[in-house]
Each structure stands twice: as C-alpha cells, then as structure tokens.
1. Report Rg(Cα)/(2.2 N^0.38 Å) for segment 113-222, keeping two decimals.
2. For the chain, list log₁₀ I(q)/I(0) at each q in 0.07, 0.08, 0.12, 0.15 Å⁻¹, using the Debye formula over Cα point scatterers of equal strength and ignoring solvent, two decimals each.
3. At Gln109 and Ala170, where each label point lies 7 Å from the Cα along Cα→Cβ, what is the point-to-point distance in nanometres?
4. Counting each DSSP H run of 4 or more residues in the chain as -39500 (n - 2.57), what helix-only mean residue ellipticity at 222 nm follows after dividing by all residues, to the nearest 500 deg cm²/dmol?
5. 5 Å is the cut-off here: which amide hydrogens, built 1.01 Å from N in the peptide plane, fall below it relative to Ala17, excluding neighbours closer than 5 in sequence?
6. For a quick check: sort Leu281, Leu104 by the number of other beta carbons within 10 angstrom, fewest at the front.
7. Using only the alpha-carbon atoms of segment 200-285 as identical scatterers, what base-10 log of I(q)/I(0) does the Debye formula give at q = 0.21 Å⁻¹?
8. In nanometres, what is the gap between the two model label sites at Lys68 and Ala91, each 7 Å from Cα along Cα-to-Cβ?
Amino acid sequence: MTPTQEEQVHQEKKTVAVLGAGTMGSGIATVMARAGHRTFLYDVSEDNLKRGVASVHGFFDKSVSLGKLTGEAGEAAKGALVATTRLADLAACDVVVEAVFEDLGLKKQLWGELDEIVPDTTLFHTNTSTLSVTGIASGSRLPERVVGTHYCNPAPLMKLVEVADGRHTADWAHKATVEFLSSLGKTSVSTKDRPGFIVNRFLIPWENDCIRALEAGAGTVESIDAAVPGALGHPMGPFRLLDIVGMDIHQQVATRLYEQLRDPRFFPPPMVGRMVSAGDLGRKTGRGFYTYDDTRLFGS
C-alpha cells in the first residue's frame, strides 16, 4: 500500500530547535519530541534549561503513568530532547521555533545570528502573540522564511496553532509550515499579522472580565470555574487556565496588547498586579488561584 502524502509528512522526522526554555518553549519542545523529531531546546541560562528539560521529562513520565504513552515511547521522546546553550549546535535544524521573551530586539537579534548558522532553507517560526511578525522577520536577511506560529497554551494539550504570515513571508514557507504543524498533530488556522491574532484578541479581554467579576464578588474562583465549562462548554475554567499560563505571562501579554490597541478591556485588573507581586503566578510556583503539590505545568 502506497502511503498518502499526509502519511508521508507524518513519517518524515526532522531536526528542530526551540529557542527559550520557559513555559511556552518547554511546551513546544514537548510537542516536537513527542512527534519523534530530534529536538534541541536552547536557552542562554543553564538553570532555565534544567527546569525546561525537567518539565518536558515530567510530562512524558506522567503520560506513561496515565497509560497515554508506553514506557518505550516515553523514553524515546525523552531521548529526542537535547539541551544546549550554544546556537552553533542548531546548524543542522530544519525548523527553528522562537519562543523567547516578547522583546522585538532580542527576537531580531536571534534571527540575525541564526542566519549565519543554519541553511537558507531552514524555516523560522516565531511564537509571538503580541508583536508584529513582519517586525520580527526584519531581523533576518531572508524574511520570506519567517512565519508566525502561535501555539495555544498549554502547547502539549491544545490542538490549535495560529499561523500568521509577515509582509514578506513566501508561499513556500507558509505551505511548509502548515504541513509541519500537521505532522505534529496540530490544527492550523490562518490569521493576519495583527496584535493578538485571533485567540488572544478574544481571550485576554475575557480573562480580564472573569477576574473583574471575581473582584466584584459575582462568584468565587470555584463557582466561576464550574460555570464556564458547565454552561459554555470550555474544557476548563478561566482560573485553572490562568494558573497554567502564569499570571506574569498574562500581565505581560495583556499590557502589551493594551499599549497597541488602547482598549481598556485589555488592561489587566488590579488583582493581577497583586498576585504577581506576591509571587502567586500559578502552577509553576505552586500557588495562584489554586494551590498545587505538583508544579508540572503539563499534566497529562
């Protein structure tokens, strides 16, 4: 039997890199390694790398314990991950996913450095959700190969990835990106290079409204989290989701979108700042809207 083109895409294993070992970077690296791709996880900080690798390994260990992966598959996925602080180690990568801090200068600098390391055919993906893909792509001498790929959080569990072309993104890069995302088991939706794309344009104001409702006494954390899945069909309530995302990340994304759009619904409510100041960031710190004994972000 001749495999279909889609099956061939799924069978092709690549060498990929994820830049940034934080929450999103670790989650995206988990997706890559689970799909069988040799996956480099890059960060300038050894401590960040250790935490990132522990997060990825923790996901696979828990998946095995829950029966969602065989022991052999779990070990293979862990073995596909390589941690590094050297950009030079990424020379053979077919795809590089940038998931570093939302700083335009840093992102442009990384693309400029990688231009001199990887082949011209390497796809550059940016996981930005607040910055311009076109602006980020300008850091590369080949902006046509840069594509926005915004993974929904938590990346290992959520199927959707938003795909946003920059002004100079080539058709071949867009098509190759969609095929690659399909090989990861992801569903892609195309969106314009606009602040927040589709998901965060809706999600951030809604999460802020939920926090304001809590502040106003309209319900408790538990009652709001029960009402949203029960009545609206969401897979989890807003506060469970915010604990996974991290209140610091929510604050950063909301603030940047407010600065660009000037819509007051994007401005984070006072509770957000208080929780960040207290270090109650969510699951990764063991306490947010809920408390956690298991601080692994990706639990199934």
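Derivation of every value follows stated rules applied to the coordinates shown; laboratory data play no part. All of these numbers come straight from a predicted model, not from anything done at the bench. Backbone-built Cβ (ideal geometry, glycine too); neighbour counts: all protein chains shown.
1. 1.28
2. Values, matching the q order: -0.26, -0.34, -0.79, -1.24.
3. Distance between the two pseudo-spin positions: 2.8 nm.
4. -13500 deg cm²/dmol
5. Answer set, sorted by chain and number: Phe40, Val95, Val96, Val97.
6. Leu104, Leu281
7. Cα-only, vacuum Debye calculation for segment 200-285: -1.02.
8. Result: 3.8 nm between the two label points.
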